[in-house]
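Visitor: Right, I'll just put the structure down here and ask away after.
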Amino acid sequence: PLVAWRTVAAQAARGPGGVTVDALVARALADNPELQAVRAAADAAQGRVRQAALRPNPMLDLGVQDNVTGTDTNLTVSVTLPLDLGGRQAGRVGVAEGTLEMHRAQILERARRLGAEVRMKAGEVLAARRNLQCTEELLQVNRDALDLLRARVARGAAPPLEENLLRV
């Protein structure tokens, strides 16, 4: 019984085709498009955190106004240097970090669900394989019993009615 239990446990660790369930889960986690999309969104959020921590870019505006009727031309140059007053930069960083944490939590949740789904499907495949094996063994036992009964009927040790009852 202990040897049979170890055999069953070894088969349960392997999925369809001799691949381990953990290998199936790893492949699903690596190749799932939804999970890849959430990872890409998390990478973008990481970039937004870095950008939020930087000072805003200064702006340079140039303007030219040309008088059509005369030689009067106006040239306007302005430089704008945004100031982060009142904790605006800390607020931007906080929002960006919150978004990043949300994406990381989504990655973990989707990975957990996908892993559970793959494990459940692998278990269903193993159960179906085991049911098929049991059905094939039961069919073979029934065939052996029919062959034995036919031999008994041929020797006259059993009435032909028993053979007909066994076929039903």
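No lab work stands behind these numbers, since they all come straight from the coordinates. These figures come from a predicted structure and were not determined experimentally. Please note: Cβ atoms are built from the backbone with ideal geometry, for glycine as well, and neighbour counts cover all protein chains shown.
Visitor: Lys and Arg at +1, Asp and Glu at -1: add these up for the other residues within a Cβ distance under 11 Å of Ala154 and post the number.
Guide: Working: positive: Arg150, Arg152, Arg155; negative: Asp147, Glu163.
My count for the surroundings of Ala154 gives +1.
Visitor: Relative to the longest principal axis of the chain, what angle (0 to 90°, nearest 10) does the C-alpha long axis of helix 21-31 take?
Guide: Result, in degrees: 30.
Visitor: Find which of Leu85, Leu126, Gln106 sits farthest along the positive direction of the dipole of the chain, computed with +1 on the beta-carbon of Lys and Arg, -1 on that of Asp and Glu, about the Cα centre.
Guide: Towards the positive end, the residue furthest out is Leu126.
Visitor: While we're looking at this one, here's another question. Residue-wise, which Karplus ³J(HN,Hα) couplings in Hz belong to segment 123-137, taking 6.51 cos²θ - 1.76 cosθ + 1.60, θ = phi - 60°, and x for glycine or proline?
Guide: For segment 123-137, the Karplus-derived couplings read x, 5, 5, 5, 5, 5, 5, 5, 4, 5, 4, 5, 5, 5, 5 Hz, x marking Gly and Pro.
Visitor: Hey, any idea what Rg/Rh is for segment 53-131, computing Rh the Kirkwood way over Cα pairs? Don't skip to the end; give the middle numbers.
Guide: Numbers: Rg = 29.6 Å, Rh = 19.0 Å.
Ratio of gyration radius to Kirkwood radius: 1.56.
Visitor: When the gyration tensor of segment 97-168 is built from Cα positions, what are the square roots of 5 times its three eigenvalues, in whole Å, from largest to smallest?
Guide: Values: eigenvalues 721, 13, 3 Å².
Square roots of five times the eigenvalues give 60, 8, 4 Å.
Visitor: How big is D for the chain, in µm² s⁻¹ as a whole number, if Stokes-Einstein is applied with the Kirkwood radius of its Cα pairs at 20 °C and 1.002 mPa s? Don't skip to the end; give the middle numbers.
Guide: Details: Rh = 24.2 Å.
D = 89 µm²/s.
Visitor: Local charge sum around Glu163 (other residues, Cβ-Cβ under 15 Å, Lys/Arg +1, Asp/Glu -1)?
Guide: Once positives and negatives cancel, what remains is +2.
Visitor: Also: What's the magnitude of the charge dipole for segment 21-167 around its Cα centre, counting Lys and Arg as +1 and Asp and Glu as -1 at the beta-carbon? Answer in Debye, nearest 20. Walk me through the numbers before you get to the answer.
Guide: On the way: 20 positive and 19 negative charges, 145 e Å.
Its charge dipole is roughly 700 debye.
Visitor: Count the net charge of all other residues whose Cβ sits under 15 Å from the Cβ of Gly94, scoring Lys and Arg as +1 and Asp and Glu as -1.
Guide: Numbers: positive: Arg48, Arg50, Arg88, Arg92; negative: Asp84, Glu97, Glu101.
Around Gly94, the surrounding residues sum to +1.
Visitor: Continuing with the same structure: Divide by every residue of the chain the summed helix terms, -39500 (n - 2.57) for each DSSP H run of at least 4, and state the resulting mean residue ellipticity at 222 nm, rounded to the nearest 500 deg cm²/dmol.
Guide: Numbers: 5 runs with 120 residues, N = 168.
So the calculated ellipticity at 222 nm is -25000 deg cm²/dmol.
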